[in-house]
Every structure is written in structure tokens, then in C-alpha cells.
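We did not get these values from a lab; they are worked out from the coordinates using the rules stated. Note that the coordinates shown come from a computational prediction; the quantities given were computed from them, not determined experimentally. Neighbour counts run over all protein chains shown; Cβ positions are idealised from the backbone, glycine included.
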Amino acid sequence: MVAARRACGGLPKMAIARTRCCTLLLYAQGRAVMPRQIITTANAPSSPLYSQGVKAGPHVLVSGIVGIDPGTGSLAGDTIQDQTRQALTNCEAILQAGGASLEDVIEVGILLTRPADFAGLNEEYARWFPSESPTRYVAKLGVELPGLLVSIRMTAFIT
């Protein structure tokens, strides 16, 4: 907290919550100055365990979303391309519900069940971000769930 005060010009009783890429919330006297808004849409899978997305000021954060078709409740297919396409469709629906678009995305985080699927992931991903791609990381998903191949999260900045 002391370091945060120094970074903010020594303002008293202020702290900044940070992610790896950007400042999310500014707190003054223990109260959020930039309140968060929970994003929900029927056009993407949901769970009672997490929010589909959160909007805080100009930031829209999309939770780790999988390739489940919200209409059927089933995985969109057996291939990494099918599941990546559906996961990105779901992320786009959440972004839109939060007032953002894929053009506003500044960071994408991807978890793969099988690292061997990396090339197939990139094949589909390139269709969604053909130029001026956001920053991205890809890691191995630690928990294996039957049939699940990919989980994608995003951060967007609305100007």
C-alpha cells in the first residue's frame, strides 16, 4: 500500500489494484471510486461460481470462457478449432454485453489442455485477430475436464 501511495504521488489513503496489464480500480478511503459492474448475457455459458465478465471504468474483463454452445449446453465440437471458435464467439458476446468489441481487446489469455493443439488454436485465432493482435499468452490448463480443450479470457479497454 505504501508503494502504491508513492506511485500515485503520495496521495494519502489511496491504493491501486493492478493486473499484469493495467490499473483496474482506484480506492480512496476504502471505497471504490470506479465501481465494478457484473456483465451477464444469455449468449455465452455461465456458472454460479464466477461472473462472465466485469466492467470497471473503461475496462471490460472476460472470465476464462470455454467452447460450450450456450444454446445446447454442450461442447461445440471435438476439435481445437471448433472449441476455439465457440469460445471466441462466447467471449465476443460478453464483450458486447459490456459495451466493448474485439477491436477493444488489449490482452488475451489462453489455457490449452493439450499443448499439441497449439497450431490448431493459432489457425482459428488468426481468423479473429487478423491484424493488430492484442497481447497474448498461452499456457497449459492444469485441470483436465472431459472433452474440454481450451479456455480463453480477455481484457478490453474502451476509449
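Tabulated results
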read-out: Residue among 49, 133, 146 farthest towards the positive dipole end of region 35-157, charges placed on Cβ; value: 49
read-out: Peptides 134-142, 44-52 ordered by average Cβ neighbours within 10 Å, highest first; value: 44-52, 134-142
read-out: In sequence order, calculated HN-Hα J values of region 129-146 (Karplus, 6.51, -1.76, 1.60; Hz; x Gly/Pro); value: 10, x, 8, 6, 5, x, 4, 8, 10, 10, 9, 7, 5, x, 9, 9, 10, x
read-out: Linear extension gain, residue 74 paired with residue 106, 0.36 nm per residue minus alpha-carbon span; value: 8.6 nm
read-out: For region 37-47, Karplus couplings with θ = phi - 60° (6.51, -1.76, 1.60), whole Hz, Gly/Pro x; value: 10, 6, 9, 9, 8, 6, 8, 8, x, 9, 8
read-out: Assigned charges on the beta-carbon of Lys, Arg, Asp, Glu; region 35-157 dipole about Cα centre (debye); value: 340
read-out: Cut-off under 5 Å, modelled amide H: who pairs with residue 141 long-range; value: 112, 113
read-out: Computed E for residue 49/residue 144 - FRET, C-beta separation, R0 25 angstrom, nearest 0.05; value: 0.90
